[in-house]
Amino acid sequence: MSRELKLLKSLFSRYYRYAEFTTDFPRDLPRREIALQLLENEAMVRHLSFNSIEDLRKYVVKNVPSHLYYSTAYYENPGVDDMDQKGWLGAELVFDIDVDHIPTPCKEEHDRWICENCGEAGRGSKPEKCPKCGGSKFRQISWICDKCLEVAREEALKVIEVLDSDFGVSPHEVYICFSGHRGFHIHVDTDVIRELSQDARREIADYMRLIGLRIDKFFTKRGKRTYSRLMITSSGIPGRLARSLYEKVIEVGTQVAREVELVLEGKKETISRKGIKLIEKLLPEVLPSIRCEIDEKVLIDTHRLIRFPNSLHGKTGLKVTPLTVSELERFSIEKAIVFRKGSLRVRLHDAPPKLFDMNLGNCVGRVLDLPMYVAIYLICRKVATLEE
Amino acid sequence: MISTHIITIEDLVKYPFLPEATERIRRLNLSLREVLSLRDVVERAIKRATSRNYTIDLTDPDTELLSFYLSLVLAALTRDNVAIRRFADIESKRVSKFLQQEPLDKVVYIAKKAFNIDVKVVNGLIQVHFVHYLKYMPQGDLEWKLVNRVLHRGFVYLSLRELTRLIEEAYEKWILSKCSEIANSMIVFPEEITSLVDELRSKLRTVSSEVSVRRRRLEGVVDPYPPCIRKLIEEAKAGENLSHIARFTLASFLIHIGFSVDEVVKYFENLPDYDEKKTRYQVEHIAGLRGSRKKYLPPSCDYLRSVGLCPGECIKGIHHPLQYYRLATRSRASEGGVGSEQRAEAT
């Protein structure tokens, strides 16, 4: 075992001895499958089950994981490895917001990709096809970044707002976690939600992402007249659409725009064909602000494994941090730092321009004394090695 | 005893799935053998199960109720999914017609009482909890997609007509689940029921289905593959780098119409990153031979449209690639000769 791995193992193990595992999140631990990836050899261990938090703790202190997961599903027999024999009882609904799936301008500054076929490299998110060889397999190098997290945080708040206003799931009923890397998880675990089928979950995913949205469904034709349900006072999607459209329409300033303004304000019931045309034209501009950028695969999957709250993310050494809504509102990465004490001398092989308020852009190749959590992050990312 | 003034004895006959109706039957305390000896009940059971035009005799509630429950048992025992689905379709359409004549409060009562649908009426507006809406909404219709509805604090706004449609779907699901309950029960059924079950099965098999209209429109279509699948096959042949969802759609479609894993794997040979072992592993997953043991369905037209895989060349009323295939093969089969030669054409 390398010295770096030995260090991580002892630090992680010590952390897990006192980690804040709670009985209310995740609920009903004995009904969950626990899975982990071992730090030592990266082997995935699945189909574990524990009757109590103390049993789980004992296990992870000894078998130190780089990643620790639990099943969003509840099972009759969570420890059985045949999925058919597990006895699915229901599953949480999890909204995963990961900045990997959201385009942010700063990715050009800090992310890179390397084609696994020809070695071609570039900045930002990986392209669909390699511009040089046409290959489609890439190694993506992405770093934690305040601006990216800010975008993810905004998306998470949007999801929480839609859950409340549209789905009637109040902020007190959701569990929020910083994922430990580049995003947030929002868990809904009420009795009615648990039984939702995959089809039902797909509908919810489409609702969040506005897939299949047909604006004409919010216009009703009666005789020669067309009535609009897009009003700034409306609930749900038509309301949000109307409010965003309203901001755009007042900038247009034509006579048709004035008519649409009145319709959106609810002062005029019917809408002209030209008015509808204008709305359809403005629509692409307003959709991004209404759409929630969630990972639909996670939402639809009723057998998903998800990071255990207060476990460590093996790629960053940061804590999967449970948050209240107000904590999310003022979230900074500081809150997820675990290894605060001390410093380490490391050699830097690669680094983002900026990391935890430190400028590391010109330090690649050098030996540095870094605060413990910065060094651990870089070691976890396999871009730093210990120096005497 | 009727528990509320809203529901009359006539209603129990119209809506035999209401708990009050089940209770009434239970009170009659008849064995299945005794029911089978009631000629009138048996005759009506076969008739109501197989005819869309059957008129219910509202003046003879017990005979009607018994005949409904007998038809349910008979349909279940056919253990024939096509027959059972057709039975469920005939029943639910009949109930839907009755519901359309009912006042709002009765429809709401039925939704709540029979199917536990969380429905409320506020200022004359009908609202259904989204969980129940999603459970019973008709599939493949953009009108019903949640994203095109007004959703407020957990409730979806519906018209009365739409609420009756939701009940129709709920009733259909109820029949299907009751049938599987009966078919899987340990009850020993009397010998004499067998001939009735056979009779019902063959009659249900010949009843015209609602899809026949759409099928006729597809007659003369040469290729039973929907345009989206045809396009994917061409692209795969041409060695284009298909997206994950495109590959999934093609593989799951082919598996579902009866291709073997080997045959499906061959379709991917020309893909730029083709790896026989990996492809086989993934196709086996889709075919339900690995992992969760779930045989995956290809995505619906709605979904394919949303990910840009729908060329938009289908006739109206198609909401799933498999629906297109089934209609097309059926219409061709009735003209004589489809099946293996069709498959050869595509490879």
Practice item. Restrict the check to the range A:76-89 and report whether at least one residue is touching a helix residue (DSSP H, G or I) at 6+ places or on another chain (Cβ under 6 Å) and at positive phi. Key: no
Review point. Any idea which of (1) open to solvent by 80 Å² or more (accessible area, probe 1.4 Å); (2) within 12 Å of chain B (Cβ to nearest Cβ); (3) at pLDDT 95 or above is the one A:Glu161 doesn't satisfy?
Key: (2)
Practice item. Take the range B:272-318 and flag every residue that is within 13 Å of chain A (Cβ to nearest Cβ), within 27 Å of the chain's Cα centre (by Cα) and free of Cβ contacts under 8 Å to residues at least 24 places away in the same chain. Key: B:His285, B:Gly288, B:Arg290, B:Gly291, B:Ser292, B:Arg293, B:Lys294, B:Tyr303, B:Arg305, B:Ser306, B:Gly308
Study note, to complete from the structure: Across (1) under 15 Å from A:Ala91 (Cβ atoms); (2) of a type in the set (A, V, I, L, M); (3) more than 8 Å from every other protein chain (Cβ to nearest Cβ), A:Val192 clears everything bar (3)
Practice item. Please go through the range A:76-105 and pick out each residue that is crowded, with 17+ Cβ neighbours inside 10 Å and in a loop (DSSP other than H, G, I, E, B). Key: A:Pro78, A:Lys86, A:Glu92, A:Ile102, A:Thr104
Exercise for review: Scan the range A:338-369 for residues that are of a type in the set (A, V, I, L, M, F, W, C), in a strand (DSSP E or B) and closer than 22 Å to A:Phe178 by Cβ and jot them down.
Suggested key: A:Leu355, A:Met358
Review point. In the range A:166-188, is there at least one residue being touching a Gly at 6+ places or on another chain (Cβ under 9 Å), closer than 25 Å to A:Arg291 by Cβ, within 14 Å of chain B (Cβ to nearest Cβ) and touching a residue at least 60 places away in the same chain (Cβ under 8 Å)?
Key: yes
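For the range A:243-280, which positions are acidic (Asp, Glu) and part of a helix (DSSP H, G or I)?
If we filter the range A:243-280 for residues that are acidic (Asp, Glu), which is where we start, we get A:247, A:251, A:259, A:261, A:265, A:269, A:280.
Of everything in the range A:243-280, those that are acidic (Asp, Glu) and part of a helix (DSSP H, G or I) turn out to be A:Glu247, A:Glu251, A:Glu259, A:Glu261, A:Glu265, A:Glu280.
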Practice item. May I ask you to verify whether A:Ile204 is part of a helix (DSSP H, G or I), at pLDDT below 95, within 11 Å of chain B (Cβ to nearest Cβ) and surrounded by 17 or more Cβ atoms within 10 Å (Cβ to Cβ)? Key: no
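Quick one: in the range A:114-140, of everything that is assigned to a strand (DSSP E or B) and either touching an Asp or Glu at 6+ places or on another chain (Cβ under 9 Å) or β-branched (Val, Ile, Thr) (or both), which residue is farthest from the other protein chains (Cβ to nearest Cβ)?
A:Arg123
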Exercise for review: Identify the single condition in (1) modelled with pLDDT of 90 or more; (2) at positive phi; (3) not hydroxyl-bearing (Ser, Thr, Tyr) that A:Gly134 does not satisfy, given that it satisfies every other one.
Suggested key: (1)
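A quick yes/no check of all residues on (1) open to solvent by 50 Å² or more (accessible area, probe 1.4 Å); (2) modelled with pLDDT under 95:
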| position | (1), (2) |
| --- | --- |
| A:Phe25 | no, yes |
| A:Leu29 | no, no |
| A:Ala35 | no, no |
| A:Ser49 | yes, no |
| A:Val61 | no, no |
| A:His67 | no, no |
Practice item. With the condition kept exactly as written, say whether any residue in the range A:218-228 is part of a helix (DSSP H, G or I) and either open to solvent by less than 20 Å² (accessible area, probe 1.4 Å) or at the interface with chain B (Cβ under 10 Å from one of its Cβ atoms) (or both). Key: yes
Review point. Among B:Thr59, B:Thr63, which is in the same structural domain as B:Tyr109 (by TED's automatic domain parsing), over 21 Å from the mean Cα position of the chain (by Cα), modelled with pLDDT under 95 and open to solvent by 40 Å² or more (accessible area, probe 1.4 Å)?
Key: B:Thr59
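Would you call A:Cys133 crowded, with 21+ Cβ neighbours inside 10 Å and not polar (S, T, N, Q)? Working first, answer last.
Details: crowded, with 21+ Cβ neighbours inside 10 Å: no; not polar (S, T, N, Q): yes.
The answer is no for A:Cys133.
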Check your understanding: B:Glu143 is checked against (1) within 14 Å of chain A (Cβ to nearest Cβ); (2) modelled with pLDDT under 95; (3) in a loop (DSSP other than H, G, I, E, B) and fails just one. What number does that condition carry?
Key -> (3)
Exercise for review: Could you check A:Ser197 against (1) surrounded by fewer than 22 Cβ atoms within 10 Å (Cβ to Cβ); (2) within 14 Å of chain B (Cβ to nearest Cβ); (3) over 30 Å from A:His101 (Cβ atoms); (4) small (Gly, Ala, Ser) and say which number it fails?
Suggested key: (3)
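The values are calculated or read from the model by the stated rules, or taken from the named source; none is laboratory data. What you are looking at is a predicted structure, and each value in this text was computed from that prediction instead of being measured. Note: ideal-geometry Cβ built from the backbone for every residue, glycine included; neighbour counts use all protein chains shown. Accessible surface areas use protein heavy atoms only, side chains included; no ligands, DNA or RNA. Shrake-Rupley method; radii C 1.70, N 1.55, O 1.52, S 1.80 Å.
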